[in-house]
Amino acid sequence: MVKPVAGKSTYAPDYGNGSTRTDVVAGTEYYYLANDKIRASVTPYTAANNGVGGLGQGALSDLMLNDANGAETLDWGEMLLRPSLTPPDSWERPNDQLDLPDLAVDGAAVVGNGQYRADPAIKAQVRYETLPDAPIVKMTVKLTNTGTTGYQGYFNYMIDPDSSVDNGRIPGFAGTNPGMKTSGWTGNYVYVGADAATTNGQAAHGLAWALDTPAAVGAYGYVEGLYYDATMAPGATKQFSFYHLTDYATAGGDPTGNIAKWADEIDLHDPAVPDAARAAGTITAGGAAVPGARVVLEQAGTVVATTSTDAQGKYLVKAPTGRYDVRVSKLGYQTADGTVTVPAAGSGVADVALRPVAVEASYGKQIGSGLVEAGYGDVMLENDKLSMAIADAYNDSQLSGGTRGKPVDVAVRGMADQFDWINLPYVSATQPTGTSAWDIRSVTATDVQIVQATGDQAVVRVSGPVKGFTGLTATTTYTLKPGDNFATVSTELSNSGSAPLSVWTGDAMDHDAAGQASVIPGAGVVPPGATAAYTPTKPYIGMTGTDPQVFGLVYGTPASAFDVYAAGNWVMSRFNVDVPAGGSYTLTRKVVVTPGTDAVGILDGVSAP
């Protein structure tokens, strides 16, 4: 770890390729800060917007990551005193600048002294320093009113990143660029940067706080800011600290992840901030670190905090003082438990070792790639051959109201999810036909239960009424055993009514990835096209695509018991069955998930359940 340093120089820094807003003039003295993560410059000279220099003397003008891909994109950071918060996004306020012409190096810090342009009786001192082992510049501002009249207004630190995409986000508020907020935020930072992970070296920026909460925060896209109450009587002093962070936008839907992480861990890097209470530890398997594992802290079954392990298998999460159950989950591993006691300050440690999964039904896992839709609130049924997510919380827009209890993600172990959903089962009063024949949402699960989590098998049971049929209920049981490349799934339709029911039932499959095609025995691999009915020569339907995975539903009935209806990009079975009064009808199938390209040959060879 490189300790933070500070100094002054006339040599231009070695900015990376793609740097858009460098503010150092070669041959002109400036001040710098650096640690092992970042470098920053403080310029004693000024320039207009997009010019070389700060808007005020002694301003933080450059900030970039030290890695080989880093690009410097900060146009300026300015410090203002403003009499009101209106207009909130007003940055071009030359009379309201704090000028800090008197700059000096103080150990690993740069200290600037100066005054308010509009009233030199208000003196200002700013201490800039990088925090060790973190991409963070800390700024401590001290304002002193040496005049004979009071000052009423706000201190404002505002930044202008000029990256390809600069969208502001405030935790607790939906969308981008929500503007000024005086309350309601759920994190200690403001984010500005790209909406997804980038490869151009342009990092996002963040403004954060720890001990001193701002009076307001702002996220406008083109500028972002923190606002502190700076009202001072004659002779009074105001002091507060805040932080400017930079790191890359994160992938996975929430670009703020890296900035949020650093903001959350300020106390670990700034000795002036008391350590928060946390749980910490390392997750391993066979002695090797397990990155991306989900770690949940629970008390009496209630989730208190969640986090994920980093590339070194380490986790760190804040939690109130107390004893917790620790639950660790990741696809491919058996869910494991531990305990941790979180102290009043500092970290309680719980290391957990995982082992490869044999078979398990659990919450808290996701397939790693592909068309993944299920989240941690859905059931993952997995063994060493396959993974299948059964919806419990997720609601697919195409099956809205009828998604619960049905497979939405399916993949061979270690391969990408190719599916949108499997409508398993549907029930209809009439034979399904037409381009939306698959869109039948009558089977509604009201209960999803893990009956057996692990052992010789994993069992998930789903039950609920069938809409449109008085007294008809559907109970579907998923059973997966170790080593099988299929799950056995049975659906029992139970009729509690006094009259028999004649219904159409079966399953519909929707493979949504490249090369999607139906697999129909007797017709072969059928590409997308017009809907058509087929007479199967064997009791199955299937789908495949460019990715070498084969998916099938192999029924425990003769092929003559049903026909197949398909459009290539989806396929469904159609059974016309009678459910006697006070009785039931059971449909059993294997859900086959296996690697390969010879879809017909593979499914032809699968035995009936």
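The values are calculated or read from the model by the stated rules, or taken from the named source; none is laboratory data. For clarity, every value in this text was computed on a predicted model and none was experimentally measured. FYI the Cβ positions are ideal-geometry reconstructions off the backbone, even for glycines, and counts take in every protein chain you see. Surface areas here come from the heavy atoms of the whole protein model, side chains and all, with no ligands, DNA or RNA. Shrake-Rupley method; radii C 1.70, N 1.55, O 1.52, S 1.80 Å.
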- line: In the set 62, 36, 14, the lone residue that is under 19 Å from residue 246 (Cβ atoms), modelled with pLDDT under 90 and of a type outside the set (A, V, I, L, M, F, W, C) is 14
task: Return only the number of the condition from (1) surrounded by fewer than 18 Cβ atoms within 10 Å (Cβ to Cβ); (2) assigned to a loop (DSSP other than H, G, I, E, B); (3) under 30 Å from the mean Cα position of the chain (by Cα) that residue 451 does not satisfy.
output: (2)
- request: Give segment 298-307 a look and list any residue that's loosely packed, with under 15 Cβ neighbours inside 10 Å and either closer than 13 Å to residue 352 by Cβ or hydrophobic (A, V, I, L, M, F, W, C) (or both), or say none.
  value: 300, 303
- prompt: Can you find even one residue in segment 355-362 that is of a type outside the set (Phe, Trp, Tyr), assigned to a loop (DSSP other than H, G, I, E, B), open to solvent by 60 Å² or more (accessible area, probe 1.4 Å) and closer than 30 Å to residue 419 by Cβ?
  reply: yes
message: For segment 561-584, which positions are of a type in the set (Phe, Trp, Tyr) and crowded, with 23+ Cβ neighbours inside 10 Å?
response: 562, 565, 570
field: Residue within segment 81-88 that is touching a helix residue (DSSP H, G or I) at 6+ places or on another chain (Cβ under 9 Å), assigned to a strand (DSSP E or B) and within 30 Å of residue 145 (Cα to Cα) present
entry: yes
- request: Give the number of residues within segment 291-348 that are charged (D, E, K, R), more than 20 Å from the chain's Cα centre (by Cα) and closer than 19 Å to residue 274 by Cβ.
  value: 0
- prompt: Mind checking which residues of segment 454-471 are closer than 18 Å to residue 489 by Cβ and buried (at least 16 other Cβ atoms within 10 Å of the Cβ)?
  reply: 457, 458, 459, 460, 461, 462, 463, 464, 466
message: Need a quick list: strands (runs of 3 or more DSSP E) entirely within segment 204-264 having at least 1 residues that are of a type in the set (Phe, Trp, Tyr), under 20 Å from residue 135 (Cβ atoms) and out of contact with any Pro (no Cβ under 9 Å at 6 or more places or on another chain).
response: 237-247
query: Picking from 229, 247, 275, which residue would you name as being acidic (Asp, Glu), more than 25 Å from the chain's Cα centre (by Cα) and modelled with pLDDT of 95 or more?
result: 229
- prompt: Quick check: anything in segment 109-118 over 22 Å from residue 143 (Cα atoms), touching a residue at least 60 places away in the same chain (Cβ under 8 Å) and of a type in the set (A, V, I, L, M, F, W, C)?
  reply: no
message: I'd like the full set of residues that are small (Gly, Ala, Ser), assigned to a loop (DSSP other than H, G, I, E, B) and modelled with pLDDT of 95 or more, limited to segment 155-173.
response: 172
message: Take the residues in segment 514-528 that are within 25 Å of residue 411 (Cα to Cα) and surrounded by fewer than 20 Cβ atoms within 10 Å (Cβ to Cβ); name whichever of them is farthest from the chain's Cα centre (by Cα).
response: 523
- request: For segment 530-546, state whether one or more residues are within 35 Å of the chain's Cα centre (by Cα), open to solvent by less than 20 Å² (accessible area, probe 1.4 Å), more than 20 Å from residue 387 (Cα to Cα) and at pLDDT 95 or above.
  value: no
- request: Select, from 39, 21, the only residue that is out of contact with any Cys (no Cβ under 9 Å at 6 or more places or on another chain), part of a strand (DSSP E or B) and open to solvent by 20 Å² or more (accessible area, probe 1.4 Å).
  value: 39
message: For segment 585-600, check the following and say yes or no: at least one residue is outside any strand (DSSP E or B), farther than 13 Å from residue 508 by Cα and open to solvent by less than 10 Å² (accessible area, probe 1.4 Å).
response: yes
query: Consider residue 484 against the criteria (1) farther than 13 Å from residue 591 by Cβ; (2) of a type outside the set (Gly, Ala, Ser); (3) not in a strand (DSSP E or B): it satisfies all of them except one. Which criterion is unmet?
result: (1)
field: Meets criteria (open to solvent by 10 Å² or more (accessible area, probe 1.4 Å) and of a type in the set (A, V, I, L, M)) for residue 295
entry: no
message: Quick test for you: out of 147, 187, pick the one residue that is open to solvent by less than 50 Å² (accessible area, probe 1.4 Å), farther than 15 Å from residue 245 by Cβ, touching a residue at least 60 places away in the same chain (Cβ under 8 Å) and not in a strand (DSSP E or B).
response: 147
- prompt: Before we move on, is residue 282 within 20 Å of residue 311 (Cα to Cα) and touching a helix residue (DSSP H, G or I) at 6+ places or on another chain (Cβ under 7 Å)?
  reply: no
